[in-house]
Amino acid sequence: MTKILVVHGAGINMRGKVAVDVFGPETMDDYNRVIHEFADELGISVEIFHSNIQGEIVNAFYAAHDGDIDAAVINPAGFTASAPALVAAIGQVRFPTVEVHITNPTARGNNSSVSPACKGVVLGFGLEGYYLALHGAKYFAEKA
């Protein structure tokens, strides 16, 4: 069974508490519940990780590289615009990574520095974007 690491970046723990007009009322717990439902539908397993500290996310990618992870999905959130160590880690691991955002940050003038290191990007589909990202990550992992 394909195993995907899902990473929530800086600030995802604040979803549903602030900027509700931008990101909606769903909390990180809601995200996780929906991600698990999508994983069941897709016949994959997921390991979910969150940190507001870039170095911890980098360490999670490197640990996944040495473990049994087949692909990753990341919502870099607060790390979208500037996270050089994260970008380097994504480029170094043996598995493909798909970037996902609930909204379209580009429409708000935010360009992702993470995207160039990723195999694919999903923007602006709300929580359904996680389904698309997980499906894409599964596809890339099985194709490899």
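The values are calculated or read from the model by the stated rules, or taken from the named source; none is laboratory data. Owing to the predicted nature of the structure, the values given are computational and were not obtained by experimental measurement. For neighbour counting, all protein chains shown are included, and Cβ atoms are generated from backbone atoms with ideal geometry for every residue, glycine included. We work out accessible area using only protein heavy atoms, side chains counted, and drop any ligands, DNA or RNA first. Shrake-Rupley method; radii C 1.70, N 1.55, O 1.52, S 1.80 Å.
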Exactly one of 87, 46, 58 is in contact (Cβ under 8 Å) with a residue 12 or more places away in the chain, open to solvent by less than 60 Å² (accessible area, probe 1.4 Å) and within 12 Å of the chain's Cα centre (by Cα), and that one is 46
Scanning segment 86-122 for residues that are in a strand (DSSP E or B) and either closer than 14 Å to residue 60 by Cα or of a type in the set (Gly, Ala, Ser) (or both) gives 97, 120
Counting only residues that are farther than 16 Å from residue 10 by Cα and either in contact with a helix residue (DSSP H, G or I) (Cβ under 8 Å, 6 or more places away or on another chain) or surrounded by 15 or more Cβ atoms within 10 Å (Cβ to Cβ) (or both), segment 91-105 contains a total of 8
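Return the only residue of 70, 30 being buried (at least 21 other Cβ atoms within 10 Å of the Cβ) and in contact (Cβ under 8 Å) with a residue 60 or more places away in the chain.
Values: 30 fails: buried (at least 21 other Cβ atoms within 10 Å of the Cβ).
Answer to the check: 70.
Please go through segment 123-143 and pick out each residue that is part of a loop (DSSP other than H, G, I, E, B) and either modelled with pLDDT under 95 or open to solvent by 40 Å² or more (accessible area, probe 1.4 Å) (or both). Steps first, please.
Step one: list which residues in segment 123-143 are part of a loop (DSSP other than H, G, I, E, B), which gives 124-127.
124, 125, listed by residue number.
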